[in-house]
Amino acid sequence: MSGFAVRLRCEPDEEEALSASLWEMGTTGILDEPGGLRAFFNELPDLTPFARFGPQIETLEDVDWEQRTRDSFPALAIGKRFFLVPPWSDDAVPEGRIRLVVTPGMACGTGWHPCTQMCIEALEVFLRPGDRVLDVGVGSGILSQTALALGASLVVGCDVDEDSVAIAQRSVDDVFVGSVDAVREGAFELAIANISAEICEDLLADLRRVARVLILSGFEQWPDAPAAIETFNKDGWRCLVVEAGGF
């Protein structure tokens, strides 16, 4: 199948948001490459919104890029209990694991990213059955799905992006457009924010206000990070578990 490949230069913490935008533009597939992403199109779109990523265009012939992209998202065991698959996968779930289905690129938060994987591992350790969980920047809803599967009594997601909320609502009932500053004090036992160091820092006071334990990720470094009771590291990325204190 003929078409076009567009090479975009970006930082690692920009990849998920950029991927979501490319899917909205009609890409048939996306590949991670050193220093950025490579997106494939049957017809070349208007690349003006991506000018800052320095798009480089290549004309392609007779390659099934959609299948190649599918091949780049294999079924994956995460932590001790979960088995992540894209919706087209027919892989059998290993005994003792829970199937998580996520469409790559529909919204930020694919389980194939190290930060999402570490958040899932942290939830396995720190979520207690019956806990109420707030998922800040819910994105695809994968972490909310995980919390429900681990026995949370209530999971609420919030996001400032309306499209992300619509996607997350397919798997989580309580998702709203808005930020954590609208949440009542002491409403949750645990809050997750898999966003970026800058946004986590901006939200930190409110996160401490609404939950007892925080799972924070989406960054490689955070110079002014709060003291953590546990730190997860994977492929240069970090996830911090922070005790916010009692109410």
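Points worth noting:
- Helix-derived mean residue ellipticity, 222 nm - over the chain, DSSP H n ≥ 4, -39500 (n - 2.57), to 500: -7000 deg cm²/dmol
- Protection-proxy order for peptides 137-149, 209-221, each taking the mean of Cβ atoms within 10 Å per residue, highest first: 137-149, 209-221
- The value of relative contact order for the chain, using C-alpha pairs under 8 Å at least six residues apart, is 14 percent.
- Inverse of mean 1/r across different Cα pairs in the chain, Kirkwood, Å: 18.7 Å
- Spacing of the modelled spin labels on Lys234 and Arg184, each 7 Å from Cα toward Cβ, amounts to 3.4 nm.
- Among residues other than Asp224 with Cβ under 15 Å from its Cβ, the summed charge is -2 (Lys and Arg +1, Asp and Glu -1).
- Each Lys or Arg adds one and each Asp or Glu takes one away; over the other residues whose Cβ falls under 13 Å from the Cβ of Phe53, this sums to 0.
- Mean Cβ count within 10 Å, highest first, over the residues of peptides 21-32, 183-194: 183-194, 21-32
- Distance between the 7 Å Cα→Cβ label points at Glu95 and Met25: 4.8 nm.
Laboratory data are not the source of any read-out in this text; all were calculated from the coordinates shown. Since the structure is predicted, the reported quantities are computational estimates derived from the model, not experimental observations. Positions of Cβ are backbone-derived with ideal geometry, glycine not excepted, and every protein chain shown enters the neighbour counts.
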